[in-house]
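**Student:** Below is one structure. I have some questions about it.
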Amino acid sequence: MIRLKVNRRSNVLLYAEMIIALLFFVISFAVIIRVFASADSLERRSRQRQSAALCAQSIAEAYSVSGDVQKAVSLALGADLRDFTGSAEIGLDSGFYPADSSDVILRLDEQKQDTAAGIYSELVVEFFDNSGDDEELIYSLKCGAYVPGGAAVG
Amino acid sequence: MKDHRARSMGDTASAVGSMLLFVLFAVCMLMAVAVAADTYSRIKTGYQQSFGTAASIKYISNKLRAAENVTLLEDGSAAAIESAGTVSVIYCGDGGLYEKNTVPGGELTADGGELISAASSLEFSEHDGLYEITVDSGVSSSVILVRKG
Amino acid sequence: MDNTEKKGRSGGTVGVGYISIMLIFTVICLTIFAVLSFQAVYSSDKMTSRSDGFTQQYYTADMEAKKTLSKLDGLAAEALDGFSFEDGFIEAVSGVEGVSAARIAGGVRVEFSQAINERQTLAVSVVFFSAPSGERFRIEKWNSTEKEISGESHPSVWDGGDLV
């Protein structure tokens with residue numbers, strides 16, 4: 001009889017410890033999961049920003065040489081940008097390739113200024129994350145080109 | 001006698017039950033640790049690879065921006081970049097990106113350099129007044145255009 | 001004393017405390033992995049941000065340099081109408097801040113620099129000719145260069161002379 005009581009008591013203690021442990025585990029796990037989730041989202045954002053930065057630089061470099069947004073986009077991304085009139089939007093997939101399903105949106109905005117001997121123009125290259133509900137700016141770069149009459153320079 | 005046997009059976013069942021519960025708990029905990037370790041390694045290796053190729057390509061593009069003279073070597077798999085009285089030969093080999101510094105006029109060969117970062121291939125090409133640089137890490141690949149100086 | 005009695009005295013099949021020990025070990029392991037993951041990504045992200053900052057600075061300097069170039073090209077176009085292109089252009093350029101011009105065979109070499117950041121500048125060298133638009137200038141240099149920081153201390157090296 002005493003043995004049975006001792007066994008039952010130890011079992012009750014074991015279950016009680018297990019319940020308290022599970023409770024503690026759930027609370028700490030919730031905190032740890034949040035840290036993992038924030039690391040994962042930071043990694044995703046950072047990787048997106050890196051790809052966007054490389055893409056933007058390629059566009060900026062090609063734009064500096066040609067002074068032509070259509071040619072710059074074609075050289076940097078292989079995208080065909082027809083009827084460009086100062087601003088345009090291009091849909092890109094997660095690997096930053098032109099696609100119909102746009103996880104990322106590339107927005108281009110060009111402003112031209114007539115100078116005494118040519119045209120100085122500025123291009124704003126912006127990448128937006130379109131995977132969530134709201135568009136979120138990933139990366140933005142402003143670059144310039146000078147077209148003296150012939151091709152752009154610099 | 002029967003009562004004693006029943007009690008003994010009950011004790012054994014209870015002991016086995018609590019033991020099973022404990023084992024289940026232990027397995028769950030070990031699985032949680034294994035999943036956490038796997039997530040950590042996935043985040044770290046995945047990020048390191050993409051960060052490595054991006055960092056390498058930025059390093060090379062910054063070198064090109066400061067270059068006074070650039071010579072493509074070995075069909076574009078290496079480049080000799082001359083800047084501030086030093087020629088840096090950048091090439092890929094043995095699973096890594098290497099850089100060798102020599103003096104202008106010296107022998108330009110793609111060997112004997114120091115490791116910059118891990119990479120499986122490097123390619124330089126010239127078109128439309130631009131250099132196109134591609135760095136591949138085996139898993140991820142990065143491309144950048146840099147205008148000729 | 002039989003086996004059941006022994007178990008009973010020791011408090012059942014699984015002793016109290018083992019679960020707590022296992023739990024503490026697991027939570028510590030998970031915390032370490034979570035913190036390491038976050039730290040690895042965070043430090044790399046900071047480096048990426050710094051690199052992005054440099055890129056922005058470079059393109060800002062590049063834009064300013066192109067504005068200066070367009071201004072100089074305008075001055076060169078105006079100088080074409082004068083008696084001597086070289087003299088007129090050098091005189092016009094002398095009014096532009098931070099730009100130096102020197103006559104060379106066949107044209108005028110103009111040099112200027114644009115600060116990228118505290119450590120680097122964009123050095124530009126352009127040769128202007130007396131020619132129509134599109135062929136009026138040739139860019140000789142458009143490079144980012146390290147600034148020479150005055151007062152930079154180098155470790156002194158013993159040259160083999162007598163120690164005083």
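**Student:** Once you have the Kirkwood Rh of the protein assembly as shown from its Cα pairs, apply Stokes-Einstein at 20 °C and 1.002 mPa s and quote D in µm²/s.
**Tutor:** Reported coefficient: 78 µm²/s.
**Student:** Calculate how steeply helix A:2-66 sits against the longest principal axis of the alpha-carbon atoms of chain A, using the helix alpha-carbon long axis, and give the answer as 0 to 90 degrees to the nearest 10.
**Tutor:** 0 degrees
**Student:** Loop-only GluC sites (Glu not before Pro) in the stretch B:3-107, please: DSSP not H, G, I, E or B, and at most 12 other Cβ atoms within 10 Å.
**Tutor:** Passing both the DSSP loop test and the Cβ count: B:107.
**Student:** Contact order normalised by length for the stretch A:32-95, with contacts defined as Cα pairs under 8 Å and 6 or more residues apart; what percent is it?
**Tutor:** The value is 22 percent.
**Student:** Putting +1 on Lys and Arg Cβ atoms and -1 on Asp and Glu Cβ atoms, find which of A:78, A:51, A:33 reaches farthest to the positive end of the dipole of chain A.
**Tutor:** Of the listed residues, the answer is A:33.
**Student:** When the helix-only estimate is applied to the protein assembly as shown (DSSP H runs of n ≥ 4, each -39,500 (n - 2.57), divided by the residue count), what is the mean residue ellipticity at 222 nm, nearest 500 deg cm²/dmol?
**Tutor:** Computed ellipticity for the protein assembly as shown at 222 nm equals -17000 deg cm²/dmol.
**Student:** Sticking with this structure for a sec: Extent of the stretch C:57-146 along each principal axis, from alpha carbon coordinates, in Å, largest to smallest?
**Tutor:** Rounded to whole Å, the extents work out to 42, 22, 21 Å.
**Student:** Based on Cβ point charges of +1 for Lys and Arg and -1 for Asp and Glu, what charge dipole magnitude is obtained for chain B about its Cα centre, in debye rounded to the nearest 20?
**Tutor:** 1160 debye
**Student:** With equal scatterers on the alpha carbons only and no solvent term, can you work out the Debye log10 of I(q)/I(0) for the stretch A:1-80 at 0.11, 0.14, 0.16, 0.27 1/Å?
**Tutor:** So the normalised log intensities are -0.59, -0.70, -0.77, -1.09.
**Student:** Tell me, what HN-Hα J-couplings in whole Hz come from the Karplus equation 6.51 cos²θ - 1.76 cosθ + 1.60 at θ = phi - 60° for each residue of the stretch B:86-94, using x for Gly and Pro?
**Tutor:** 10, 10, 9, 9, 10, 8, 10, x, 6
**Student:** Relative contact order for the stretch A:2-147: what percent, with Cα pairs under 8 Å and sequence separation of 6 or more?
**Tutor:** 17 percent
**Student:** Net charge within 12 Å of residue B:109 by Cβ-Cβ distance, Lys/Arg positive one each and Asp/Glu negative one each, not counting residue B:109 itself?
**Tutor:** Surrounding charge for residue B:109 is -2.
**Student:** Could you size up the charge dipole of the stretch C:57-146 around its Cα centre, putting +1 on the beta carbon of Lys and Arg and -1 on that of Asp and Glu, and report it in debye to the nearest 20?
**Tutor:** Result for the stretch C:57-146 is approximately 200 debye, rounded to the nearest 20.
**Student:** Take the alpha carbon gyration tensor of the stretch B:41-83, find the square roots of its eigenvalues, order them as a ≥ b ≥ c, and report rounded if a/c is under 1.5; if not, report prolate when a/b exceeds b/c, else oblate.
**Tutor:** Oblate, since a/c reaches 1.5 and b/c is not below a/b.
**Student:** Counting other beta carbons within 10 Å of each residue's own, what order do C:58, C:18, A:63 fall into, fewest first?
**Tutor:** C:18, C:58, A:63
**Student:** To continue, here is another question. For the stretch B:56-147, just say rounded, prolate or oblate: build the C-alpha gyration tensor, square-root its eigenvalues into a ≥ b ≥ c, call rounded for a/c under 1.5, and beyond that prolate if a/b exceeds b/c, oblate if not.
**Tutor:** Oblate.
**Student:** Separation of the stretch B:44-94 and the stretch A:41-77 by C-alpha centroid, Å?
**Tutor:** 19 Å
**Student:** Could you give the angle, 0 to 90 degrees to the nearest 10, between helix B:2-65's Cα long axis and the longest principal axis of the Cα atoms of chain B?
**Tutor:** Taking the Cα atoms of chain B, the angle to B:2-65 is about 10 degrees.
**Student:** Among the trypsin sites (Lys or Arg not before Pro) in the stretch B:58-149, which ones are in a DSSP loop with at most 16 other Cβ atoms within 10 Å of the Cβ? Mind listing them?
**Tutor:** B:148
**Student:** Using the Cα centre as the reference, give the magnitude of the dipole from point charges on the C-beta atoms of the protein assembly as shown (Lys, Arg: +1; Asp, Glu: -1; all else neutral), rounded to the nearest 20 debye.
**Tutor:** The calculation lands at about 3520 debye.
Coordinate-derived values only; no laboratory data. On a predicted model such as this, the values are computed, not experimentally measured, just so you know. Quick reminder, even Gly has a Cβ in these numbers, built from the backbone with ideal geometry, and neighbours come from all protein chains shown.
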